[in-house]
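> My questions will all concern the structure given below.
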């Protein structure tokens, strides 16, 4: 059975909801006569009288009362679908998800190099913790560290890193360049959380030299926060070397004499196998690896 045309359906729904052809016309951006004509088309199509017309007053017939609720529901659903589809079209950009510390320290300079090489600037950066849901969150690529959440996706290693001790030149001048000279209150502690087997830990660095008072000094939960605290002159931080690299190269931070701690698991990217052939994926991964 043929479906009724859309314009008459919209005209009838608007008139039934607003109670007049004039109000429906204002809503639809047409004339009252056009609304009346469209309603007549629908009445002829269905073979039913939908309105009782008494001068300027409209009232729904039994047939109209039967038709209006499901029609209103259907048009609302269509409108919602249209909004979602248009929203998807607006969001049709490449979505790169990254850990906070990576996105706030290491990633921006790598993206600058990618853009300079002609990389696509239609890029959304999502800063979030693991795990991410690629399908639900419409993520194309994830930069992660140490987890096995993405076993069903294609993964590529970006780099291995190590933990180093860093501070401003002023802090080093005050306390010395060796960890043996650091008071406990000058230590910035970082706890990545229970999900990580390896975390920057001053006890590992100093246990052979002295017992560390873990209650002294600052404590943060991300390496990017530890770097910012170190840059502010609040103490000496243990951070992944790659996250502090540009600050070290610029002289804003300096290495403190201390043993390095290797981070067992690498930093890597994950993405669906279905997009492995996309040029944007290949060029972005290549740039991230080269810059690392």
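What follows is calculated from the coordinates using simple rules that are stated; it is not laboratory data. Not measured: the values here are computed from a predicted model. Reconstructed Cβ throughout: ideal geometry from the backbone, glycine too, with neighbour counts over all protein chains shown.
> Compute the length gained on full extension between residue 136 and residue 231: take 0.36 nm times their separation in residues and subtract their Cα-Cα distance, giving the result in nm to one decimal. If you can, show how the numbers build up before the last one.
Working: separation 95, 0.36 × 95 = 34.20 nm, distance 3.74 nm.
Fully extending the segment from residue 136 to residue 231 adds 30.5 nm.
> A further question on this structure: Please report 21, 51 as a ranked list, fewest other C-beta atoms within 10 angstrom at the top and most at the bottom.
With the fewest neighbours first, 21, 51 line up as 51, 21.
> A follow-up question, please. Explain nothing, just the number: relative contact order of the chain, from Cα pairs under 8 Å at least 6 residues apart, as a whole percent.
20 percent
> Can I ask one more? Taking the chain as the reference, fit the longest principal axis to its C-alpha atoms, fit the long axis of helix 279-291 to the helix C-alpha atoms, and give the angle between the two in degrees, 0 to 90, nearest 10.
It works out to around 20 degrees.
> Which order do 192, 46 fall in if you start with the one that has the fewest other Cβ atoms within 10 Å?
Ranked by crowding around the Cβ, least crowded first: 46, 192.
> Going by how many other Cβ atoms sit within 10 Å of their own, how do 28, 9 line up, fewest first?
Going from sparsest to densest Cβ surroundings: 28, 9.
> Rounded, prolate or oblate: pick one for segment 6-90, where a ≥ b ≥ c are the square roots of the eigenvalues of its C-alpha gyration tensor, a/c under 1.5 means rounded, and failing that, prolate if a/b is larger than b/c, else oblate. Write out the running numbers ahead of the final one.
Working: a/c = 2.30, a/b = 1.70, b/c = 1.35.
The shape class here is prolate.
> Another one. Which angle from 0 to 90°, rounded to the nearest 10, does the C-alpha axis of helix 107-116 make with the longest principal axis of the chain?
So the helix axis and the longest Cα principal axis differ by about 70 degrees.
> Relative to the first principal axis of the alpha-carbon coordinates of the chain, what is the inclination of helix 32-46, with its axis defined by its Cα atoms, in degrees from 0 to 90 and to the nearest 10?
Helix 32-46 sits roughly 80 degrees off the main axis of the chain.
> With n ≥ 4 as the cut-off for DSSP H runs, can you work out [θ] at 222 nm for the chain, using -39500 (n - 2.57) per run divided by the number of residues, rounded to the nearest 500? Kindly include the intermediate steps, with their values, before the conclusion.
Numbers: 11 runs with 123 residues, N = 292.
That comes out to -13000 deg cm²/dmol.
> Further, regarding this structure: Contact order normalised by length for segment 6-90, with contacts defined as Cα pairs under 8 Å and 6 or more residues apart; what percent is it?
Value for segment 6-90: 26 percent.
> I want to check the label-to-label distance for residue 155 and residue 76. Put each point 7 Å from Cα in the C-beta direction and report it in nm to one decimal.
Label at residue 155, label at residue 76, 4.6 nm between them.
> Please report the antiparallel percentage of the DSSP beta bridges confined to the chain, to the nearest 5.
Just about 60 percent of them are antiparallel.
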